[in-house]
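Notes follow once the structure below has been shown.
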Amino acid sequence: MMDDYPLTLAAVLRRAEALYPRVEIATRAPDRSIRRTDYGAVARRARTLAAALREEGVGPGDRIATLMWNHSTHLEAYLGVPVSGAVLHTLNLRLPPDQLAYVVNHARDRWILVDDVLLPLFEKIRGRVHPERVLVVPFSGKPLPDGAEDYEGVLSSHRPLEALPDLRETEAAGMCYTSGTTGRLKGVLYSHRSLVLHSLAEAIAIGLRQTDCVLPVVPMFHANAWGLPYTLALLGGRQAFPGPHLDPDSLLDLMEREKVTFAGGVPSIWLGIVEALEREPTRWKLAPGLRMIVGGSAVPESMIRRFDALGIRVVHGYGMTETSPVITLGNPKAGMEAWPPERFYPLVARQGTPLPLVDLRVRRGDQEVPWDGESAGELEVRAPWAARAYFDEADSAGKWSDDGWLRTGDIVTVDPEGYVEIVDRAKDLVKSGGEWISSVAVENALVAHPAVREAAVIARPDPKWGERPIAFLVLKDGTTAPPEELRALLERRFPKWWVPDEFRAVAELPKTSTGKVSKLTLRQRSESGSPPS
């Protein structure tokens, strides 16, 4: 029999400080300067934070919230809070104040760690939440508000915790709330075991190495920044954090300066990046072989082709808050790189194959559908890092099958090679004349038009057909996209009844707190007669 070695984040911390203490971690500060530290210093400060929590009355399982951008102090909390036995609750700073206050109260957060640059946001909820302590991280040097404490002052009054507490791998380590696109936000608790196994599988599937420098553009407040901070700490790879600066020029300057080899973010971020690179192809000298993981919403094939033309490989990823989050990646298998472009690019634009230790199935009603690339149904998954219930939520009916599989709500096909392709969210399919139209497929085809920057397709009630699609388009500056051109483009790929009845140009598309297009908002505005933007 093997040793019953606990899979906890303490092992990640110990490995980083023992093997990679001088590996650098860079952060772009609010004043745009680059602040540098290393795993040795981050580990010492994480141990000090753990000591402060334990010595000042925070117990096992208590929630400690962070209202922070991506930076090295947030990484300290990523490690220090869980190894103390408490639970790291990352707060989504893009939530409306009402929702932000709700999750703080629902989680019963005892302490909140907040960046000083985010104090104006915190003030909007301060009268509605009741943490015992508010610790302000001096990110930009703003003065402390009444009743708040200096994070650095608290740490300076404690010594690093030398002996980390013995924790069970099944204990909670982290917490994140769903983005709330429909209904009430729900909390997901991540165990130490789930986070460690997710990191190992992610490193294998992505092909990350200790020699990589990774830029997590995806926020650390959203689904553990897709697990990248933990994975890099486990590997001892360099990390470059953007702080609050997420515009294309700032990100590209940071990627050039830090020689970033891998980055992760949502499509809207990378759309700005590829446009900047195409505008000024000689301005930035990026690392050769740069790779990007893109997720959060479907990635158009046209975007992958544009990056490929620049020598940058895009890997399409898929996951959910409930799955820690990554469950599939669109890596090509051996030999597929030699496929002709018309076969290769549609493949890598799919959501990909499951990570190691992830099981998936596709069901329509009570029947499992075959992996033939054509039969569609709802994707269900199970994995060591997939949730089996929501935190303190009695009403989870329908989210899990009777035999414990997580129902994703995504309608997919799976081809014989095991590549998942999302047809649509179940709630976003357009049912016209009793037949389904994939809004995702139509959107991805529309952004292939040279004038279209972004596209969103929703259903509009129709007295004859039940529903008909309508498309909202954000056009590139100084361009036009005549409806007849758009119809001709779509009719080359889809049946005529798939083509939207109307194309509306808008200034911007409404987005959720995690950067996805909010079709719920589009539908509400369309039904009320309000302009979409």
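Overview of results
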| item | result |
| --- | --- |
| Some residue of segment 403-421 being in the same structural domain as Arg504 (by TED's automatic domain parsing), more than 28 Å from Leu189 (Cβ to Cβ), charged (D, E, K, R) and in contact with a strand residue (DSSP E or B) (Cβ under 6 Å, 6 or more places away or on another chain) | no |
| Hey, Thr323 crowded, with 24+ Cβ neighbours inside 10 Å, polar (S, T, N, Q) and more than 28 Å from Glu24 (Cβ to Cβ) or not | yes |
| Positions within segment 257-282 being free of Cβ contacts under 8 Å to residues at least 12 places away in the same chain and within 20 Å of Glu454 (Cβ to Cβ), in sequence order | Arg279 |
| Some residue of segment 85-96 being in the same structural domain as Arg35 (by TED's automatic domain parsing), assigned to a helix (DSSP H, G or I) and not aliphatic (A, V, I, L, M) | no |
| Selection within segment 207-223 - over 17 Å from Val315 (Cβ atoms), out of contact with any strand residue (DSSP E or B) (no Cβ under 6 Å at 6 or more places or on another chain) and not hydroxyl-bearing (Ser, Thr, Tyr) | Gln210, Pro219, His222 |
| Pair list, Cβ under 8 Å, 6 or more apart: segment 365-394 residue of a type in the set (Asp, Glu), other residue in a loop (DSSP other than H, G, I, E, B) | Asp372/Asp415; Asp372/Pro416; Glu378/Ala426; Glu380/Ser401; Glu380/Trp405; Glu393/Lys186 |
| Close pairs from segment 315-339: first free of Cβ contacts under 8 Å to residues at least 40 places away in the same chain, partner part of a strand (DSSP E or B) and crowded, with 20+ Cβ neighbours inside 10 Å, Cβ under 7 Å, at least 6 apart | His316/Val294; His316/Gly352 |
| Boolean, Leu88 is surrounded by 17 or more Cβ atoms within 10 Å (Cβ to Cβ), within 26 Å of Arg193 (Cβ to Cβ) and not polar (S, T, N, Q) | yes |
| Residues being β-branched (Val, Ile, Thr) and within 23 Å of Gly40 (Cβ to Cβ) - total across segment 75-105 | 2 |
| Counted residues, segment 278-306 - those being surrounded by 20 or more Cβ atoms within 10 Å (Cβ to Cβ) and among the aromatic types (Phe, Trp, Tyr) | 0 |
| All positions within segment 501-518 that are over 18 Å from the mean Cα position of the chain (by Cα) and buried (at least 18 other Cβ atoms within 10 Å of the Cβ) | Phe503, Leu509 |
| Conditions (1) closer than 30 Å to Gly289 by Cα; (2) buried (at least 21 other Cβ atoms within 10 Å of the Cβ); (3) in contact with a helix residue (DSSP H, G or I) (Cβ under 7 Å, 6 or more places away or on another chain): number failed by Gln210 | (2) |
| Answer residue from segment 328-383, given it is surrounded by 15 or more Cβ atoms within 10 Å (Cβ to Cβ) and among the acidic types (Asp, Glu) and is farthest from Trp405 (Cα to Cα) among those | Glu378 |
| Filtered residue count, segment 58-68, keeping only those that are within 16 Å of His130 (Cβ to Cβ) and either of a type in the set (Gly, Ala, Ser) or in a loop (DSSP other than H, G, I, E, B) (or both) | 3 |
| Hits in segment 246-259 - residues which are crowded, with 16+ Cβ neighbours inside 10 Å and of a type outside the set (Asp, Glu) | Leu246, Pro248, Leu251, Leu252, Leu254, Met255 |
| Matching residues, segment 279-298, being of a type in the set (A, V, I, L, M) and closer than 30 Å to Ser191 by Cα | Met292, Ile293, Val294, Ala298 |
| Out of Pro248, Pro242, sole residue that is touching an Asp or Glu at 6+ places or on another chain (Cβ under 9 Å) and at pLDDT 95 or above | Pro248 |
| Residue count for segment 251-273, restricted to those that are at pLDDT below 95 and either outside any helix (DSSP H, G or I) or closer than 12 Å to Ile312 by Cβ (or both) | 3 |
| Among the residues listed as Ala46, Ala18, the single one being without any contact (Cβ under 8 Å) to a residue 60 or more places away in the chain, under 26 Å from the mean Cα position of the chain (by Cα) and not in a loop (DSSP other than H, G, I, E, B) | Ala46 |
| Residue selected from segment 126-178 under the condition charged (D, E, K, R) and touching a helix residue (DSSP H, G or I) at 6+ places or on another chain (Cβ under 7 Å), by the criterion nearest to Ala387 (Cα to Cα) | Glu171 |
| Residues of segment 453-467 satisfying the condition of being crowded, with 21+ Cβ neighbours inside 10 Å and free of Cβ contacts under 8 Å to residues at least 60 places away in the same chain | Ala455, Val457 |
| Test result for Ser84, within 19 Å of Thr8 (Cβ to Cβ), modelled with pLDDT of 95 or more and not basic (Lys, Arg) | yes |
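Each row is one residue, and each column tells you yes or no for (1) farther than 25 Å from Ala445 by Cβ; (2) of a type in the set (Asp, Glu); (3) outside any loop (DSSP other than H, G, I, E, B).
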residue: Arg283; (1), (2), (3): yes, no, no
residue: Gly296; (1), (2), (3): no, no, no
residue: Phe307; (1), (2), (3): no, no, yes
residue: Lys333; (1), (2), (3): yes, no, no
residue: Arg343; (1), (2), (3): no, no, yes
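Matching residues to (1) in a strand (DSSP E or B); (2) closer than 29 Å to Glu368 by Cβ; (3) modelled with pLDDT of 85 or more:
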residue: Ile411; (1), (2), (3): yes, yes, yes
residue: Ile422; (1), (2), (3): yes, yes, yes
residue: Asp428; (1), (2), (3): no, yes, no
residue: Lys431; (1), (2), (3): yes, yes, no
residue: Asn444; (1), (2), (3): no, yes, yes
residue: Pro450; (1), (2), (3): no, no, yes
residue: Glu454; (1), (2), (3): yes, no, yes
residue: Val457; (1), (2), (3): yes, yes, yes
residue: Lys464; (1), (2), (3): no, no, no
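The values are calculated or read from the model by the stated rules, or taken from the named source; none is laboratory data. The structure presented is a predicted model; accordingly, all values stated were derived computationally and were not measured. Glycine gets a Cβ as well: all are built from the backbone with ideal geometry, and neighbour counts include every protein chain shown.
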